[in-house]
Amino acid sequence: MKVVTSQEMKRLDELTIKTIGIPSIVLMENAGIKVVEVIEKEYSPLPEKSVYILCGPGSNGGDGMVVARHLFNRRVRVKVFLLAKKNRVKGDAATNLSIAEKLGIEVKEINSAQNLKLLRQELPHADIIVDALLGTGSTLPLRGLMREAVGLINQCSSYTMAVDLPTGLHADTGEVPG
């Protein structure tokens, strides 16, 4: 496996989309499917498990919506927690949010301290947590609800896996900024 920097990954994505012509939503779909394949391999049988997916408003969150949809279609108990207002989600991530909701997947907005209480109550009941909050483009220290949500994930004894990398880690150094 070749390890690339976050800038190299961004350039590879752009090349794939602009030069080769693979739409970004197809890349998102492929990423989500691969995450589901890893979950199936590592944690089967899945229909007996509950999988909670924490999504951010960007492309990483869109990957998480794809994960939710494919697990839902496999009859897995999924819950999606969006750390943003739904109207802040744009582009391909918004498309996948809309698809998930049309299928009947409940997406709970966690956009206030009050809503964070819901996450605090529910997260310990997950068998598996998928961190789809932030991706490789995130370099700033975590703040506010995002920081608190990551803290809640870290407190849980559930199996946890991340799309791209755990939220809060710098993609190039592996360090926690701040």
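The values are calculated or read from the model by the stated rules, or taken from the named source; none is laboratory data. It should be emphasised that the depicted structure is a prediction, and the values quoted were computed from it without experimental measurement. Cβ sites come from the backbone with ideal geometry, for glycine too, and all protein chains shown count toward neighbours.
The table for this structure:
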| item | result |
| --- | --- |
| In the range 114-144, the residues that are without any contact (Cβ under 8 Å) to a residue 60 or more places away in the chain and among the charged types (D, E, K, R) | K117, R120, R143 |
| Of residues in the range 153-178 being over 15 Å from the mean Cα position of the chain (by Cα) and among the aliphatic types (A, V, I, L, M), the one surrounded by the most Cβ atoms within 10 Å (Cβ to Cβ) | A171 |
| Within the range 34-59, tally of residues that are more than 14 Å from D92 (Cβ to Cβ) and surrounded by 14 or more Cβ atoms within 10 Å (Cβ to Cβ) | 13 |
| Subset of the range 155-178 [closer than 22 Å to G62 by Cα and either among the β-branched types (V, I, T) or in a helix (DSSP H, G or I) (or both)] | T160, V163, T167 |
| Any hit, the range 103-112, residues being touching a residue at least 24 places away in the same chain (Cβ under 8 Å), farther than 23 Å from A31 by Cβ and either surrounded by 22 or more Cβ atoms within 10 Å (Cβ to Cβ) or polar (S, T, N, Q) (or both) | yes |
| Which listed residue, of E14, E29, E8, is surrounded by 13 or more Cβ atoms within 10 Å (Cβ to Cβ), among the acidic types (D, E), at negative phi and at pLDDT below 95 | E8 |
| Of residues in the range 119-149 being at pLDDT below 95 and crowded, with 19+ Cβ neighbours inside 10 Å, the one farthest from S6 (Cα to Cα) | M146 |
